[in-house]
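Okay, structure first, notes after.
The values are calculated or read from the model by the stated rules, or taken from the named source; none is laboratory data. Note that the structure is a prediction, hence the values are computed from the model and not measured. FYI the Cβ positions are ideal-geometry reconstructions off the backbone, even for glycines, and counts take in every protein chain you see.
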Amino acid sequence: MTIEEIAKELGVSKSTVSRALSGKGRLGEETRRRILQFAAQAGRRAPQETARRPERALCLGLVIPADVYISATPFFFFQDCMLGVSETASQQQCNVMLVHGARNDVSHIRALVESGAVDGFLFMRGMEDDLILRYLSELPFPTTVTGHTPYEGIIQVDSDNEAAAESLVSLLIGQGYRRFALLAGDMDFEVNVERCRGFFRALERHGIDRDTQYVYQNVTDLEDADTIISEALVTRVSCIVCGDDILCTRVMSGLQAKRFRIPRDISVVSLYNSTNLQCFTPAVTAVNISGRRMGETAAKQLIARMQGRPYNEKTKIDYEILFRQSVGTEGRG
């Protein structure tokens, strides 16, 4: 009996039958048992009765966000994270397949799952209402995300972005800063939501009315940053809080082009650090999180799950606040 005939009889795909008969690829135990039982009854030998082929190395699908090369995307984090993943996979003798991850397009991921081409996925960013992560959670299929997701069974490796934002803004308030402008990127991404929550928590903790602050969300066009800079200067904001290093780079470049003295005229901080921010004069105060370490940890946990070994479903990576010269020793209210 052919694979096509078995698939038709059982109402499953040919690739599902192929994975069950070969013993390779991810498949539910009940589905595998049903196919093998039917195949045996139909006169087709189960995989343990056939000559075994050499086992292939596990393959990790590393999902690169589709917008990674857009100028408003924090590219340095993805670069560092990829380095951590590739080094760990190499040590564990696991192959890495780069996968293009279009937002909420499940078709490509589904095709890779059904073909058995990959044994697990690692996503370098989590979204709210992420259809792809929901699909993989429902299968279930070994999946890790560097970030937060509400879906069951997805391994999460993240830093406490909310606490980091709250800590940095609280320190600024403690130095006398009272009037802020917050620039946050695409609010579909959990990391930006968390950073905004941390900013507002710091204000609430110190009794500062959020309505007196200037908050700009969904800043994805860097040209908008120039307009925001002008507004911040007119309203006499004392500190611009940038959601990530890309926004901060644009803000610092814009202020210095206008010959503003940082931090004498206005202070600038970033809720994510990169080498860019250290190269400015003055260097920028920022929250530092190791993207490389996050990638290493995410890959280790995912590979452990793919190999059937114990793994941690949730891991938090430490952060630190790097105080540099972009903030004055005494804030201005």
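Determine whether A225 is at pLDDT 95 or above and hydrophobic (A, V, I, L, M, F, W, C). Spell out how you get there, then give the answer.
Working: at pLDDT 95 or above: no; hydrophobic (A, V, I, L, M, F, W, C): yes.
It is false that A225 is at pLDDT 95 or above and hydrophobic (A, V, I, L, M, F, W, C).
Note on region 275-333: residues that are closer than 22 Å to R259 by Cβ, of a type in the set (S, T, Y) and in contact (Cβ under 8 Å) with a residue 60 or more places away in the chain total 2. The criterion of at least 2 residues that are touching an Asp or Glu at 6+ places or on another chain (Cβ under 7 Å) is met by the following helices (runs of 4 or more DSSP H) wholly inside region 215-312: 275-279, 291-306. Residues in region 229-258 that are in contact with a helix residue (DSSP H, G or I) (Cβ under 9 Å, 6 or more places away or on another chain) and of a type in the set (D, E, K, R) were compared, and the one that is modelled with the lowest pLDDT is K258. Is it the case that some residue within region 259-273 is small (G, A, S) and modelled with pLDDT under 95? The answer is no, given that none of the residues of region 259-273 is small (G, A, S) and modelled with pLDDT under 95.
Evaluate the following for L271: is it under 22 Å from S167 (Cβ atoms), under 29 Å from the mean Cα position of the chain (by Cα) and among the aliphatic types (A, V, I, L, M)?
Numbers: under 22 Å from S167 (Cβ atoms): yes; under 29 Å from the mean Cα position of the chain (by Cα): yes; among the aliphatic types (A, V, I, L, M): yes.
So L271 fits the description; yes.
Condition (residue is crowded, with 18+ Cβ neighbours inside 10 Å, in the same structural domain as V251 (by TED's automatic domain parsing) and assigned to a helix (DSSP H, G or I)) applied to region 172-183: is it met by at least one residue?
As a first pass, look at region 172-183 and keep what is crowded, with 18+ Cβ neighbours inside 10 Å: 172-173, 177, 180-183.
The next check asks that each one be in the same structural domain as V251 (by TED's automatic domain parsing); those that pass are 172-173, 177, 180-183.
Keeping just the survivors that are assigned to a helix (DSSP H, G or I) gives 172-173.
Yes - at least one qualifying residue is present in region 172-183.
The residue of region 221-241 that is farthest from D188 (Cα to Cα), among those that are crowded, with 16+ Cβ neighbours inside 10 Å and in contact (Cβ under 8 Å) with a residue 60 or more places away in the chain, is S238. Those helices (runs of 4 or more DSSP H) of region 57-160 in which at least 1 residues are modelled with pLDDT of 90 or more and within 13 Å of the chain's Cα centre (by Cα), considering only elements entirely within it, cover 75-91, 131-138. For I173, the conditions (1) out of contact with any strand residue (DSSP E or B) (no Cβ under 8 Å at 6 or more places or on another chain); (2) within 28 Å of V17 (Cα to Cα); (3) of a type outside the set (G, A, S) all hold with the exception of (2).
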